[in-house]
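Heads up, the thing below is written out as structure tokens.
The values are calculated or read from the model by the stated rules, or taken from the named source; none is laboratory data. What you see is a predicted model; the values in this text were computed from it and never measured. Neighbour counts run over all protein chains shown; Cβ positions are idealised from the backbone, glycine included.
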Amino acid sequence: MANPPSPIAAPAAASSRDSLFSAIVRGLYEGRYAPGQRLVEADLTAEYGVSRGPVRETLSRLAAEGIVTLSPGRGAAIRKLGWREAIDLLELLEALVGLAAAAAARRAASDAAGAARLEAAAKQLAAFDHAALTPDYALARDRFYGALVDLAGNAELARVMPRVQSHLLRIQFRVQVARYDELRHQDYAVIARAVLAGDEHKARAVTQQHFRRMIDVMHESRPEA
């Protein structure tokens with residue numbers, strides 16, 4: 001299976017809409033856009049040198065994928081997750097990434113190239129400090145999950161995986177999950193080892209535990225009604 005396209009990379013021979021979509025998503029990873037920030041059509045037109053038609057189509061696509069919200073009279077803004085939405089997203093990630101890890105473990109021995117990509121991505125991620133909240137760290141983490149999903153060999157799983165939304169969640173709820181930063185950072189190596197060893201059950205378990213920690217701490221920080 002070919003490596004799934006990164007949400008921040010425009011495809012070859014990309015249209016202006018595809019290029020703009022990738023540029024805005026990359027802006028999220030690079031810290032130029034943040035949850036709640038407005039996206040003004042005129043500003044995007046000037047910054048990226050495209051007409052309003054592609055800008056509006058891109059904003060509609062971003063809204064359809066849960067990355068921005070469109071409000072009558074207020075326009076577009078980077079999506080800001082509510083507490084319940086964050087829990088729902090984490091529970092979805094717990095299930096989907098756990099499934100991907102188990103499937104990847106089953107295929108690790110038969111897909112040497114995919115296993116090598118995951119191993120390389122895990123090593124790149126391990127080279128960062130656990131407290132890093134930099135664009136490079138975010139991109140390395142995205143490459144790790146991309147390699148994991150690629151090795152799983154399930155095109156539908158790759159299609160529905162909410163990779164950009166998970167980045168929005170980490171940005172917005174950084175304070176809540178900060179105390180688990182070092183442990184969560186170590187998890188990536190543990191997940192990779194289990195997958196590369198072909199241990200399907202352990203791969204699923206440690207991956208789901210990774211997300212369950214975040215779910216638990218989010219419950220502890222639930223806002224008062």
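List every residue pair whose Cβ atoms lie under 9 Å apart, where the two residues are 6 or more positions apart in sequence or sit on different chains, the first residue falls within segment 191-204 and is over 10 Å from ARG106 (Cβ atoms), and the second residue, located anywhere, is modelled with pLDDT under 95 and not basic (Lys, Arg). Listed pairs, sorted by first residue: ILE191/HIS210; ALA192/LEU125; ALA192/ALA126. Could you say whether any residue in segment 46-62 is part of a loop (DSSP other than H, G, I, E, B) and either at pLDDT 95 or above or loosely packed, with under 15 Cβ neighbours inside 10 Å (or both)? Yes, segment 46-62 contains at least one residue that is part of a loop (DSSP other than H, G, I, E, B) and either at pLDDT 95 or above or loosely packed, with under 15 Cβ neighbours inside 10 Å (or both). Of ARG117, ARG184, ARG141, which residue is crowded, with 16+ Cβ neighbours inside 10 Å, farther than 17 Å from ALA95 by Cβ, of a type in the set (Lys, Arg) and in contact with an Asp or Glu (Cβ under 9 Å, 6 or more places away or on another chain)? Answer to the selection: ARG117. With respect to being more than 22 Å from ARG61 (Cα to Cα), touching an Asp or Glu at 6+ places or on another chain (Cβ under 9 Å) and among the small types (Gly, Ala, Ser), ALA102 fits the description. A single member of ALA132, ALA138 is within 17 Å of the chain's Cα centre (by Cα), at pLDDT below 90 and not in a helix (DSSP H, G or I), and it is ALA132.
Within segment 68-86, the residues that satisfy the criterion of being hydrophobic (A, V, I, L, M, F, W, C) and surrounded by fewer than 17 Cβ atoms within 10 Å (Cβ to Cβ) are LEU70, TRP83. Given the condition assigned to a helix (DSSP H, G or I), crowded, with 18+ Cβ neighbours inside 10 Å and among the hydroxyl-bearing types (Ser, Thr, Tyr), answer yes or no: does some residue in segment 21-28 qualify? The answer is yes; a qualifying residue exists.
Within segment 170-184, being in a helix (DSSP H, G or I) and in contact (Cβ under 8 Å) with a residue 60 or more places away in the chain holds for ILE171, GLN172.
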